[in-house]
Amino acid sequence: MLSRSSRSAHRISLAGLLLIALIALVAAVPAAGQTESTTTVPGAPVGSSAIAPTATILPGGKASIPAGAPYQVVRAIQAANRIHRRTYIWGGGHRAFKAKGYDCSGAVSYVLHAAGVLSSPLVS
């Protein structure tokens, strides 16, 4: 059985991994329809470049939802916030998206599924 500090460290690392997945998703969504090398923000004038909004970890451990974030990103952040306090379980989330706990790839699969970009859990 893990000590209290070990469980806390696993939860923090899981939250960090979920934030990394969300940042990757934020970067990928605007780039999907992009033809130039500039980063565009949804709703920004065509041809303009701007910094994409980013999520931040709030004091309670949940991620904020940036204003103007694409729907897929909002869904991903909401999903990550639902499971950010779940216990780390090796192999958790590999058989099904809903689980009592998640490991790293299970948590990322859960978030990507909520965003609509993954149809079944993946082990990575």
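Laboratory data are not the source of any read-out in this text; all were calculated from the coordinates shown. In this text the structure is predicted, and so the values were computed from the model without any measurement. A quick note on method: Cβ atoms are made from the backbone with ideal geometry, for glycine too, and the neighbour counts reach across all protein chains shown.
Over region 66-124, what number does the Rg to Rh ratio reach, with both radii from the alpha-carbon atoms and Rh per Kirkwood?
My calculation of the ratio gives 0.99.
Relative to a virtual label point 7 Å from the Cα of Lys100 in the Cα→beta-carbon direction, which members of region 59-84 show backbone nitrogen distances below 18 Å?
Counting backbone N atoms under 18 Å from the label point, the list is 83-84.
For Val123 and Arg82, compute 0.36 nm times the residue count separating them, minus their Cα-Cα distance, and round to one decimal in nm.
Contour length minus Cα-Cα distance gives 12.7 nm.
Starting at the first residue of region 89-97, write each ³J(HN,Hα) from the Karplus equation 6.51 cos²θ - 1.76 cosθ + 1.60 with θ = phi - 60°, in whole Hz, x for Gly and Pro.
10, 4, x, x, x, 7, 7, 8, 5
With a point put 7 Å past each Cα toward its Cβ, work out how far Val74 is from Thr54 in nm, to one decimal.
If labels sit at Val74 and Thr54, their model points lie 2.3 nm apart.
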